[in-house]
């Protein structure tokens, strides 16, 4: 369940990163498609069974007026900043050591 990395993020990083990486809770993403295109926020949850992510601040109203998180497909977002708190995730992109 991956999403593309933004071009500006790839240029700013000193290490070589792949074009697309798996989306994780804590990543900052920007919505590219749909009614919420252009909005940016932190990934609140990742639903692997339904293949959807929820983003903080992006909601829709139910018929009774309550606001619930809107599920978005990861292909409709672009990752603008990775959550770099996990050192194993960063080490994965370094490649094999010679």
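Structure notes:
- Extreme residue, nearest to the chain's Cα centre (by Cα), among residues of segment 34-43 that are surrounded by 13 or more Cβ atoms within 10 Å (Cβ to Cβ) and closer than 17 Å to residue 73 by Cβ: 43
- Scanning segment 8-21 for residues that are surrounded by fewer than 13 Cβ atoms within 10 Å (Cβ to Cβ) and touching a strand residue (DSSP E or B) at 6+ places or on another chain (Cβ under 8 Å) yields 8, 18, 19.
- Checked against (1) without any contact (Cβ under 8 Å) to a residue 12 or more places away in the chain; (2) closer than 14 Å to residue 73 by Cβ, residue 2 passes all but a single condition, namely (1).
- Of the strands (runs of 3 or more DSSP E) that lie entirely inside segment 39-98, those containing 2 or more residues that are free of Cβ contacts under 8 Å to residues at least 60 places away in the same chain and either at positive phi or in contact with a strand residue (DSSP E or B) (Cβ under 6 Å, 6 or more places away or on another chain) (or both) span 40-47, 52-61, 67-72.
- Among (1) exposed (fewer than 14 other Cβ atoms within 10 Å of the Cβ); (2) in a loop (DSSP other than H, G, I, E, B), the one test that residue 24 misses: (1)
To keep it simple, each residue is scored yes or no on (1) closer than 17 Å to residue 20 by Cα; (2) modelled with pLDDT under 95; (3) surrounded by 12 or more Cβ atoms within 10 Å (Cβ to Cβ).
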{"residue": "45", "(1), (2), (3)": "no, no, yes"}
{"residue": "67", "(1), (2), (3)": "no, no, no"}
{"residue": "73", "(1), (2), (3)": "yes, no, yes"}
{"residue": "78", "(1), (2), (3)": "yes, no, yes"}
{"residue": "84", "(1), (2), (3)": "yes, yes, no"}
{"residue": "87", "(1), (2), (3)": "no, yes, no"}
{"residue": "90", "(1), (2), (3)": "yes, yes, yes"}
{"residue": "93", "(1), (2), (3)": "yes, yes, yes"}
{"residue": "98", "(1), (2), (3)": "no, yes, no"}
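- For residue 30, the criteria (1) touching a helix residue (DSSP H, G or I) at 6+ places or on another chain (Cβ under 8 Å); (2) part of a strand (DSSP E or B) hold in every case but one, which is (1).
- Flag if residue 31 is within 11 Å of the chain's Cα centre (by Cα) and over 18 Å from residue 93 (Cβ atoms): yes
- Residues in segment 7-21 that are closer than 17 Å to residue 90 by Cβ, outside any strand (DSSP E or B) and touching a residue at least 40 places away in the same chain (Cβ under 8 Å): 9, 15, 16, 17, 18.
The values are calculated or read from the model by the stated rules, or taken from the named source; none is laboratory data. Keep in mind it's a predicted model, so treat the numbers as computed, not measured. Methodologically, a virtual Cβ is constructed for each residue, glycine included, from the backbone with ideal geometry; neighbour enumeration extends over all protein chains shown.
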